[in-house]
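**Student:** Starting off with a structure, shown below.
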Amino acid sequence: MTEQPQTKVLRWGILATGGISTNFTKDLLIDASTRGQDFKHAVVAVGSRSKDRADAFIRELGLDIAKGYGSAVDLFNDPNVDVVYVGTPNSNHYPASKAALLAGKHVLCEKGFTINAKQAEELVRISEEKRLFLMEAMWSRFFPATIAIQEVIAGGKIGTVRRVFADLAQDFKTFDMDDGHRLIAPSLGGGALLDLMPYTLHWALLTLFPHPAEISSIPKIVGQMTISRSVDLHTTAVLSFDELPSAQAVISGSMAAGTVNQVVVQGSEGTLTVSGVMVAPTGYKIKYNDEREETVECSDPNTDNAFGFCFEQDEVGRQIFAGSVESPRNNHQTSIRVMTILDEIKRQGGLILPQEIERV
Ligand SMILES: NC(=O)c1ccc[n+]([C@@H]2O[C@H](COP(=O)([O-])OP(=O)(O)OC[C@H]3O[C@@H](n4cnc5c(N)ncnc54)[C@H](OP(=O)(O)O)[C@@H]3O)[C@@H](O)[C@H]2O)c1
């Protein structure tokens, strides 16, 4: 009898038991073979500031084989963990990711990736030195719709891209929030800049530069913020790139205005609008200059019951099993560039976050 090859398993450790960790972990439980992967995901450990919360998370999500830890350090030291997902508030991304890398773990860290570009550079340095995978969890980059949109733009269907508008706004009722809420506490890296603007900036970059290698500079930036309770409530920036002298991007985010979740890409031959929401796109529409219209849906019945984190999760698996330290779809230079641009918008907008969380 011939022996069946053993399926590879990527063993995840989840750091923090909040909202995003819950949704992310639920997606990890969907069998990756339904999406054509040759490996499986397994959640083997959960770390929290409280062991009781870690154990409750394990019980509630039915993570039969997972071990609960009452500290991040214990999670990072678990020899069964291959990769750590960092789902803590923004201020904790850098120290947690750094400690996980130094403990020998691959890392997928939520957005805003770090508090500033210097922290991103330091994480990249450690990842490359230790040959460990590291990525900002910008899940929107991995949806089939996003990949299709990049291909359609690169293929020239809307002509030369002239303008991109990406606007992400939601009324989080910040005026009613306690000072300590992660969305508005400066000590936790609160504000629209690190919570919402990473999406709008990634969309500007991925539509203006469908091939990441084409971008080599930092754009000229004009940024403006409305600051309330010491963090930015609304932020807008205009970006123009030396590589694209006829193009401009306008990106904006708001934590206190009605819901807008929209990306519009204007080309010389037509205008592409992202369907669904920019964080989890489902397809696109093109209206050509001659009034013709085209609508493309990219949803996949195999992922109907998922939030959509599975696409980035599979990319983490593919890259780790291939021995790569980064993903070509969201590489280290992109993460550093994103943080460098956000740093400049922060400087121009006058946002000052506490020194303790800016430290490298
Ligand atoms: N990709 C996306 O679509 C998406 C959506 C929402 C949020 N996010 C990102 O995910 C991160 C978490 O957001 P969330 O909505 O899940 O927040 P959340 O519900 O408040 O959960 C954050 C968790 O982090 C831990 N935590 C809280 N304060 C901490 C601190 N000072 N130091 C270390 N750990 C702390 C807590 O878990 P324990 O009590 O178990 O330690 C808490 O439950 C943020 O960076 C946010 O930008 C991403």
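The values are calculated or read from the model by the stated rules, or taken from the named source; none is laboratory data. Quick caveat, the model's predicted, so the values are computed rather than measured. Glycine also receives a Cβ, built like all others from the backbone with ideal geometry; neighbour counts cover every protein chain displayed. Side chains are part of the model used for accessible areas, which takes the heavy atoms of the whole protein and leaves out ligands, DNA and RNA. Shrake-Rupley method; radii C 1.70, N 1.55, O 1.52, S 1.80 Å.
**Student:** Please go through (1) closer than 20 Å to E121 by Cα; (2) in a loop (DSSP other than H, G, I, E, B); (3) not hydroxyl-bearing (S, T, Y) for G323 and return the number of the only condition it doesn't satisfy.
**Tutor:** (1)
**Student:** So, restricting to strands (runs of 3 or more DSSP E) that lie completely within region 144-255, which ones have at least 2 residues that are open to solvent by less than 10 Å² (accessible area, probe 1.4 Å)?
**Tutor:** 161-169, 231-240, 248-254
Yes or no, residue by residue, for (1) polar (S, T, N, Q); (2) open to solvent by 30 Å² or more (accessible area, probe 1.4 Å):
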position	(1), (2)
A42	no, no
A45	no, no
A66	no, no
A72	no, yes
N77	yes, yes
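**Student:** Among what's in region 97-115 and is open to solvent by 10 Å² or more (accessible area, probe 1.4 Å) and within 15 Å of the ligand (Cβ to nearest atom), pick the residue that is nearest to G253 (Cα to Cα).
**Tutor:** K111
**Student:** Could you tell me how many of the residues in region 68-95 are outside any loop (DSSP other than H, G, I, E, B), within 13 Å of the ligand (Cβ to nearest atom) and over 20 Å from N23 (Cα atoms)?
**Tutor:** So the count comes out to 5.
**Student:** Could you tell me whether R49 is farther than 26 Å from Q319 by Cβ, modelled with pLDDT of 95 or more, more than 8 Å from the ligand (Cβ to nearest atom) and open to solvent by 20 Å² or more (accessible area, probe 1.4 Å)?
**Tutor:** no
Residues checked against (1) out of contact with any His (no Cβ under 9 Å at 6 or more places or on another chain); (2) in contact (Cβ under 8 Å) with a residue 24 or more places away in the chain:
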{"position": "V107", "(1), (2)": "yes, yes"}
{"position": "K111", "(1), (2)": "no, yes"}
{"position": "E129", "(1), (2)": "yes, no"}
{"position": "A137", "(1), (2)": "yes, yes"}
{"position": "F142", "(1), (2)": "yes, yes"}
{"position": "Q150", "(1), (2)": "no, yes"}
{"position": "D171", "(1), (2)": "yes, yes"}
{"position": "T174", "(1), (2)": "no, yes"}
{"position": "M177", "(1), (2)": "yes, no"}
